[in-house]
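For reference, the structure discussed in these notes is given below.
The values are calculated or read from the model by the stated rules, or taken from the named source; none is laboratory data. Everything quoted here is computed from the prediction, not taken from an experiment. So basically every Cβ, Gly included, is an ideal-geometry build from the backbone, and we count neighbours across all protein chains shown. Ligands, DNA and RNA are stripped out before the accessible areas are found, and what is left, the full protein with its side chains, is counted by its heavy atoms. Shrake-Rupley method; radii C 1.70, N 1.55, O 1.52, S 1.80 Å.
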Amino acid sequence: MSSIKIHMIIAKRVQKRLGLGADFMLGSILPDLYKQIYDRENTHFEIRENNELKLDIESFGSKYLNKKDGLIFGYLAHLIEDQIWYENYECKYRSQRFINEEDFLNTMYRDYDVMDEQLVKSEIDILKVKDEIKNVLKKSNLPECEKISLLIDEKIKVRNMSSEKKTTYLTVKACKEYIKKSTEEVIKIIKELM
């Protein structure tokens with residue numbers, strides 16, 4: 001689905017518009033951090049129907065939305081964003097070339113690195129947000145806090161990809177479109193739940 005840093009850009013926009021705290025930001029990246037520890041199907045509430053990937057957002061909602069807090073809203077936001085990414089972008093990119101899954105994912109993650117560098121610096125102070133997230137994590141009672149903290153250090157850092165500016169699938173325009181579309185959809189749904 002989209003990169004962790006793009007999830008953070010969307011979360012920052014939603015935070016500003018809805019007045020949510022740093023716990024929302026942590027929640028918005030937790031699925032991608034937890035997938036490094038647990039299996040993706042459970043962390044992302046994935047189900048396959050007719051060889052198509054879907055996220056069981058209703059199952060997540062019935063299980064967790066009795067708690068109306070920023071962390072849960074952030075996690076929900078991530079799932080919504082991933083569903084939008086899959087339905088509107090990833091399927092299109094996968095159909096562009098007939099390559100195997102591993103090659104596709106490697107190429108997509110290389111594209112994410114290039115897009116992250118171009119988009120993050122104009123949107124958020126990544127290191128400041130990382131510190132805010134880690135402070136929320138320290139005060140939480142989330143499972144696997146120590147592992148999550150290490151993953152945050154590993155995944156959220158400033159990279160200089162200046163030598164690698166070309167992408168295979170992603171464009172700045174497509175990423176900005178996705179960020180805007182996801183931001184609006186997440187705001188709409190979370191407003192209804194608040």
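Considering every Cα-Cα pair within the range 1-56, what fraction, in whole percent, is farther apart than 19 Å?
38 percent
Can you pull the three principal axis extents for the Cα set of the range 124-185, in Å, largest first?
On the principal axes, the range 124-185 reaches 39, 34, 20 Å in Cα extent.
Restricting to Cα pairs below 8 Å that are 6+ residues apart, what does the relative contact order work out to for the range 1-47? Please round to a whole percent.
29 percent
Of all accessible surface on the chain at a 1.4 Å probe, what whole percent is carbon and sulfur?
Reported share for carbon and sulfur atoms: 47 percent.
Taking every pair of Cα atoms in the chain, average 1/r, invert it to obtain the Kirkwood radius, and report Rg/Rh to two decimals.
A ratio of 0.94.
For the chain, calculate the relative contact order in percent as a whole number, restricting contacts to Cα pairs under 8 Å that are 6 or more residues apart.
32 percent
Order the peptides 59-66, 167-174, 18-25 from the highest to the lowest mean number of other Cβ atoms within 10 Å of their residues.
Listed from highest to lowest mean packing, they are 18-25, 167-174, 59-66.
I'd like the distance between the alpha-carbon centres of the range 120-194 and the range 29-59, rounded to an integer number of Å.
The distance from the Cα centre of the range 120-194 to that of the range 29-59 comes to 18 Å.
Of CYS175, CYS145, which has the most accessible area with a 1.4 Å probe, and how do the rest follow in descending order?
Result of the area sort, largest leading: CYS145, CYS175.
Give me the 1.4 Å probe accessible area per residue for the chain, excluding ligands and nucleic acids, in Å².
53 Å²
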